[in-house]
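The values are calculated or read from the model by the stated rules, or taken from the named source; none is laboratory data. All values derive from a computational prediction rather than experimental measurement. Cβ placement follows ideal geometry from the backbone for every residue including glycine, while neighbour counts extend to all protein chains displayed. To get the accessible areas, we keep the full protein, side chains included, count just its heavy atoms, and leave off ligands, DNA and RNA. Shrake-Rupley method; radii C 1.70, N 1.55, O 1.52, S 1.80 Å.
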Amino acid sequence: MPFPPPPHTPPGPRRRTLLASAAGAALLVGCSAESDKSTTSAGSPSAAERARARAAHDSAGLVRQYDTAIAAFPSLAEPLSQLRAEVVRHAEAFGGGRPTPTPTPTPTPTSTPTSASASPSASASASASASASVAPTSERDALVGLAAAERALVDRRTKALLEVPGELARLLASVAAAGAAHVYLLTEGAK
């Protein structure tokens, strides 16, 4: 009796092999002997310092977006409080200052200051996070907007992994993974 032919397997790498390769590549990207604090010869900030500052600024902007959603819909305060607290820790981990505590929601909407009365740094950060200043029209819109903002940060931080050395790359990867989990939780809450 002859042996049956082996089952047909498609040519090329298997899914597990691809996943293992991707994980190995991520580890190699994160393993670098360069210092996170290096500067160029002209004394300008290094790519790592610029990436760290950008990540801290992005996280602070995301905190403001959480605050806007919570102020617009006080019923979201409890479900969003843990996610917001994690984003605050992310901003601190990148060297940003501790953002202001979650504002207590008021029953009447308050107006935002105009850019003429705001400081230049405040107006620059306001323009960078314009979507955070616009109050969402429904709880679902608030959750969808937060998920989109988290997803954009995950993408940006994942791309930045290739440009930064060791410890910062590991921090970016960790925060991007947490952001991906936030996207999942926010999209589940929006359903």
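Look at the stretch 164-178: where a residue is within 13 Å of Leu153 (Cβ to Cβ) and a partner is outside any helix (DSSP H, G or I) and open to solvent by less than 10 Å² (accessible area, probe 1.4 Å), sitting 6+ places away or on another chain with Cβ atoms under 8 Å, you get Val175/Phe94. With the requirement that a residue be among the aliphatic types (A, V, I, L, M), over 12 Å from the mean Cα position of the chain (by Cα) and closer than 17 Å to Pro136 by Cβ, what does the stretch 61-97 give you? Listed by number, the residues that qualify are Ala69, Ile70, Ala71, Ala72, Leu76, Ala77, Leu80.
Go over the candidates Ala126, Ala152, Ala132 one by one and state the one that is assigned to a helix (DSSP H, G or I) and modelled with pLDDT of 95 or more. If you could, list the steps in order and put the result at the bottom.
Working: Ala126 fails: modelled with pLDDT of 95 or more; Ala132 fails: modelled with pLDDT of 95 or more.
Exactly one of Ala126, Ala152, Ala132 is assigned to a helix (DSSP H, G or I) and modelled with pLDDT of 95 or more, namely Ala152.
Yes or no, residue by residue, for (1) of a type outside the set (S, T, N, Q); (2) within 14 Å of Glu167 (Cα to Cα); (3) modelled with pLDDT under 55:
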site	(1), (2), (3)
Gly30	yes, yes, yes
Thr39	no, no, yes
Ser46	no, no, no
Ala56	yes, no, no
Ser75	no, no, no
Ala91	yes, no, no
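Going through the stretch 157-191 one residue at a time, which ones are more than 17 Å from Val63 (Cα to Cα) and either within 8 Å of the chain's Cα centre (by Cα) or of a type in the set (Phe, Trp, Tyr) (or both)? Answer for the stretch 157-191, where residues must be more than 17 Å from Val63 (Cα to Cα) and either within 8 Å of the chain's Cα centre (by Cα) or of a type in the set (Phe, Trp, Tyr) (or both): just Tyr184.
Across the stretch 149-177, the number of residues qualifying as among the aliphatic types (A, V, I, L, M), surrounded by fewer than 17 Cβ atoms within 10 Å (Cβ to Cβ) and within 16 Å of Arg89 (Cβ to Cβ) comes to 1. Take Leu146 and decide whether it is open to solvent by less than 10 Å² (accessible area, probe 1.4 Å) and more than 19 Å from His57 (Cα to Cα). No: the conditions fail for Leu146.
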